[in-house]
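This report refers to the structure that appears directly beneath it.
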Amino acid sequence: MQKTYYDPADLKKFGKISDWNEELGAKFFDYYNSVFKEGNLSEREKSLIALAVAHTIQCPYCIDAYTGDGLQRGITKEEMMEALHVAAAIRGGASLVHGVQMMNKVNKLEM
Amino acid sequence: MIKSLHKRESELANSKRQVEILSNGIFQSGDLPKFKDKISETNQFPLKAKKLEILQINVGYMCNQVCEHCHVDAGPDRKEIMTRETMKQCLEVIKNTGAHTLDLTGGAPEMNPDFRWFVDEASKAGIKDFIVRSNLTIIRANKKYHDLPEFFKSHNVHIVSSMPHWTKGKTDKQRGDGVFDKSIKALQDLNAIGYGIPNSDLRLDLVYNPSGAFLPGNQASLEKEFKKALIDDFGIQFHNLFAITNLPISRFLDYLIASENYEDYMYSLVEAYNPAAVANVMCTNTLSVSWDGYLYDCDFNQMLNLPVNSKAKHISEYNEELLEGRNIVISQHCYGCTAGAGSSCQGSVA
Ligand code: SF4
Ligand code: SF4
């Protein structure tokens, strides 16, 4: 029996999801590839965004993929860490900003 | 400063051991296909040499640096140096060959005591593109080298220099402490006399190889990043960037094994295999000459001690007819030349 839920080798098999639904799989990968092409944002900027999002959604496959992608593009570890702090700040901020809701409720209910 | 594998008496200083590692393990078990079988899929085996276009001469393994990834295992402790006698034999070939490019490499070629004499003589042969692979820091290493930029200019030498990154941290990690600052100063000196300036005939190109167990990204995008960072931060200009894949031999192989990256790296090379790059791998139009005059299909085969498959084995026996059409000697390190956009001493090939 497989001992862990995640296997690094599975990342390479991502393309296989199309085997069970070719039409939607093809559409997804087509869309995915278009998204990462140079546009108003550079490929480099998109790679950093992907890395930050990967950490926000805590996807080990994406973290693996976009750390490697960043290194290939010459993105430094300092730049990667800065991008992660943006993710962490938004994530932490998102929890904290709900504190306003808590405060509203407390203020409403307390005498 | 780290020591060369030779000085450390590492088992990898033995080229036979390296070839064994590259032939056994994951390649013997069949987990990964051998290079020969891979290129056979597209009927490209045996790889054959075409007409000679680039003559690459390694004038010695001595170097003022000891870079971690060095495929030559070069360093101050290496004493293999080409003699003037062998240089004379090379000159005979240089004068008579139809090759358009002469490419001097090392080690640090400038450390060969006959280097300037050789450049002087070779430049008279009128070869179209005369390259010296200079590591930049040598220019700043010692007073006697400070005038190298002028020397290069007076011989219309095309300079190709390594620069693994546009930041100090990444560069020094791969090439040694202080290398970045010295390289920047050397590049500024070269720019000051006209090297690397747009439209200047004094060619200055940079070589990028990844500082770690990963493949280089797109050459054009990296060139853009390098150009922007070097001009913004240091006012430095250069012509082209060649993105070169690190081949799994010598010190880079040692690093891959020690960091437990060897298997993953070989997987990524095989995964990135591009059959379209095979036709243009550099051994098809290059001949590499070692410090002692022996002939190899490329500088990598030289370091693995895999000599040319021809009756003409030494520069003194050079014979175009014998060498043209020879079967190239290959092993699993060749995957480094065919990954992605391919890799050669002139950068991407596909
Ligand atoms: S990579 Fe070049 S500069 Fe570095 S040690 Fe090897 S020969 Fe010298
Ligand atoms: S390593 Fe040498 S022999 Fe092998 S493909 Fe590259 S250039 Fe050719």
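The values are calculated or read from the model by the stated rules, or taken from the named source; none is laboratory data. Everything numeric here is computed off the predicted structure, so don't read it as measured data. Positions of Cβ are backbone-derived with ideal geometry, glycine not excepted, and every protein chain shown enters the neighbour counts. SASA here: full protein model, heavy atoms, side chains in, ligands and nucleic acids out. Shrake-Rupley method; radii C 1.70, N 1.55, O 1.52, S 1.80 Å.
Worth pointing out:
- Of all residues in region B:165-200, those satisfying the criterion of being away from every other protein chain (no Cβ under 14 Å), not polar (S, T, N, Q) and not in a helix (DSSP H, G or I) are B:G176, B:D177, B:G178, B:I193, B:G194, B:Y195, B:G196, B:I197, B:P198.
- Considering region B:127-164, the residues that are of a type in the set (D, E) and outside any helix (DSSP H, G or I) include one that is least open to solvent (accessible area, probe 1.4 Å), namely B:D129.
- Restricting attention to region B:154-164, the residues being within 16 Å of ligand 1 (Cβ to nearest atom) and more than 14 Å from every other protein chain (Cβ to nearest Cβ) number 4.
- When residues in region B:165-191 are screened for being within 15 Å of ligand 1 (Cβ to nearest atom), open to solvent by 20 Å² or more (accessible area, probe 1.4 Å) and closer than 15 Å to A:Q72 by Cα, 1 of them pass.
- Qualifying residue in region B:68-78 (condition: more than 10 Å from ligand 1 (Cβ to nearest atom), open to solvent by less than 10 Å² (accessible area, probe 1.4 Å) and more than 14 Å from chain A (Cβ to nearest Cβ)): no
- Residues of region A:14-51 satisfying the condition of being open to solvent by 100 Å² or more (accessible area, probe 1.4 Å) and either touching a residue at least 40 places away in the same chain (Cβ under 8 Å) or of a type in the set (K, R) (or both): A:K16, A:K27, A:K37
- Unmet criterion (only one of (1) within 16 Å of ligand 1 (Cβ to nearest atom); (2) basic (K, R); (3) free of Cβ contacts under 8 Å to residues at least 24 places away in the same chain) for B:R140: (3)
- Inside region B:35-46, residues that are outside any loop (DSSP other than H, G, I, E, B) and away from ligand 2 (no atom under 12 Å from the Cβ) make up a count of 2.
- Of all the residues in region A:49-77, those that are of a type in the set (A, V, I, L, M), away from chain B (no Cβ under 14 Å) and outside any loop (DSSP other than H, G, I, E, B) number 7.
- For region B:201-231, filtering for residues that are within 18 Å of the chain's Cα centre (by Cα), open to solvent by less than 40 Å² (accessible area, probe 1.4 Å) and away from every other protein chain (no Cβ under 11 Å) leaves 5.
- Residue identified as closer than 19 Å to B:L306 by Cβ, within 16 Å of ligand 2 (Cβ to nearest atom) and not basic (K, R) among B:A49, B:A74: B:A49
- Candidates B:I330, B:I315, filtered to the one that is among the β-branched types (V, I, T), buried (at least 21 other Cβ atoms within 10 Å of the Cβ) and within 11 Å of ligand 2 (Cβ to nearest atom): B:I330
- Residue within region A:8-26 that is under 17 Å from the mean Cα position of the chain (by Cα) and of a type in the set (S, T, Y) present: no
- As a summary of the residue check, B:V278 satisfies the conditions (1) within 10 Å of ligand 2 (Cβ to nearest atom); (2) within 14 Å of another protein chain (Cβ to nearest Cβ) except for the one numbered (2).
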